[in-house]
Amino acid sequence: MTSTPTTGGSGIRARRIAPAAAALAAIIGVVALSGFHTQLREIEPAGSDASSEVAGAEIVGIRTFTAPQLEVHADLEYGTRADGTLLTLDVCMPPADVFAAERPAVVSIHGGSWARGDKANADWRNVCLWLASEGFVAASVNYRLVPEARFPAAIEDVALAVEWLRDPEQAERFGIDPARIAAFGGSAGGNLAALLALAGQGPLDEGSRVAAVAELSAPVGLSGSELTADGASPWLLEVVGEYLACAPAASIDECPQAADASPATFADPSDPPVFIGHAEREVVPVAQSRRFAAQLTAAGVSTELAIVTGTEHSIGILDETLRARVAAFLRTHLG
């Protein structure tokens, strides 16, 4: 593993989450040089749900994709947090026959209620390989999880991953065009992908900014009023409350983090195009995505909304048809 001593998340800190984000975003370089003997530790996904946020064993969504044999660089360290947490990602390389000196890249962000999941579980590894098979350099990232870390730790981590990929050394190593980086995420990872895209300021080819984002089934309106209006279940209210450190769920509306963790708070015409996918009758109310699409359109952000039938969630809806649609969206906006 390589160590990357950098503060990270510069594009994210430019807006209202700045004070809290900066406080939690401090990164140490090599711990041995600091004079402290913090024990380094990798993120451990929680419980049996770490396998995937796609419930059951049914062959649906991304599980219908047959992954080719592609080169994978696993467990690359993209940063170390002050508490000794090692942040790692996997890079899936496109087939050799589509090699180019500077290829577009996509950061892939797993779901799991911000509390579990892993970049390399079977389903998210399949996402990484699918994106690579479409000609993108795909980076599947791990980030800090609840309860050890709460908002804004996770968004600062994924922002740092973008900066790491954009660094000239890594861009040259993997043949990445630093001006063409997008984000893809599902469920809680979709929230992070959308927030990554909208919360920053400045050119889309600098810092932690991305040129496009695709998210599936994301809880994106995290205020109590939005969740209640959408018919969110007690389970979802509890998940959001835990993530925002505003439990019990009834107190979410009194929590300023709710606005800061809701991507539409920051939307403006300078933001990149957003693809939103959602199933009609799933665990995250579809009204979340319908409102989000309307908010983005009103803010002047190019938006594509895909509502599919059924009850599957996140990458459980990523079947052949939706995969083609997402890939076309990314190609269109990454060039």
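Candidates are the residues of region 112-141 that are in a loop (DSSP other than H, G, I, E, B) and crowded, with 24+ Cβ neighbours inside 10 Å; the one that is farthest from the chain's Cα centre (by Cα) is F136.
Considering each residue of region 297-308 in turn, at least one proves to be part of a helix (DSSP H, G or I), touching a Ser or Thr at 6+ places or on another chain (Cβ under 6 Å), modelled with pLDDT of 95 or more and farther than 26 Å from W130 by Cα. Taking region 285-332 as the search range and keeping residues that are in contact with a His (Cβ under 7 Å, 6 or more places away or on another chain) and among the β-branched types (V, I, T), which one is surrounded by the fewest Cβ atoms within 10 Å (Cβ to Cβ)? Only one residue fits best here, namely I307.
In region 73-83, the qualifying residues are those that are surrounded by 15 or more Cβ atoms within 10 Å (Cβ to Cβ) and over 16 Å from the mean Cα position of the chain (by Cα), and the one that is farthest from G175 (Cα to Cα) is D83. Residue under question is S108, and the condition is that it be outside any loop (DSSP other than H, G, I, E, B), under 14 Å from the mean Cα position of the chain (by Cα), within 20 Å of S187 (Cβ to Cβ) and hydroxyl-bearing (S, T, Y); does it hold? When the stated conditions are applied, S108 passes them. Whether a residue is under 27 Å from L222 (Cα atoms), modelled with pLDDT of 95 or more and surrounded by fewer than 24 Cβ atoms within 10 Å (Cβ to Cβ) was assessed, and R144 passes this test.
Looking across E148, E156, one residue alone is outside any helix (DSSP H, G or I), closer than 19 Å to D118 by Cα and among the acidic types (D, E). It is E148.
Within region 311-329, does at least one residue satisfy the condition of being in a loop (DSSP other than H, G, I, E, B), among the polar types (S, T, N, Q) and touching a Lys or Arg at 6+ places or on another chain (Cβ under 8 Å)? Taking every residue of region 311-329 in turn, at least one turns out to be in a loop (DSSP other than H, G, I, E, B), among the polar types (S, T, N, Q) and touching a Lys or Arg at 6+ places or on another chain (Cβ under 8 Å). Among residues of region 214-230 that are charged (D, E, K, R), those with a Cβ under 8 angstrom from a residue that is assigned to a loop (DSSP other than H, G, I, E, B), sequence gap 6+ or separate chain, pair up as E226/S262; D230/G221; D230/P285.
Residues in region 225-236 that are at negative phi and in a loop (DSSP other than H, G, I, E, B): D230, A232, S233. Mind listing whichever residues of region 115-171 are of a type in the set (S, T, N, Q) and in contact (Cβ under 8 Å) with a residue 12 or more places away in the chain? Of everything in region 115-171, those that are of a type in the set (S, T, N, Q) and in contact (Cβ under 8 Å) with a residue 12 or more places away in the chain turn out to be N121, N126, S133, S140, N142.
Which residues, counting only those in region 197-224, are among the hydrophobic types (A, V, I, L, M, F, W, C) and part of a loop (DSSP other than H, G, I, E, B)? Once the filter is applied, which keeps residues that are among the hydrophobic types (A, V, I, L, M, F, W, C) and part of a loop (DSSP other than H, G, I, E, B), region 197-224 yields A199, L204, V210, A211, A218, V220, L222.
For A214, the conditions (1) modelled with pLDDT under 95; (2) of a type in the set (A, V, I, L, M); (3) touching a strand residue (DSSP E or B) at 6+ places or on another chain (Cβ under 7 Å) all hold with the exception of (1).
In region 287-335, the qualifying residues are those that are closer than 17 Å to P269 by Cα and among the hydrophobic types (A, V, I, L, M, F, W, C), and the one that is farthest from the chain's Cα centre (by Cα) is A298.
Only a single criterion out of (1) crowded, with 24+ Cβ neighbours inside 10 Å; (2) farther than 29 Å from R116 by Cα is not satisfied by A193, namely (2).
Inside region 296-326, residues that are touching a strand residue (DSSP E or B) at 6+ places or on another chain (Cβ under 9 Å) and over 16 Å from G190 (Cα atoms) make up a count of 10.
Checking each residue of region 237-251 against the condition of being under 19 Å from the mean Cα position of the chain (by Cα), assigned to a loop (DSSP other than H, G, I, E, B) and either crowded, with 22+ Cβ neighbours inside 10 Å or not basic (K, R) (or both) gives no match.
The values are calculated or read from the model by the stated rules, or taken from the named source; none is laboratory data. All of these numbers come straight from a predicted model, not from anything done at the bench. Backbone-built Cβ (ideal geometry, glycine too); neighbour counts: all protein chains shown.
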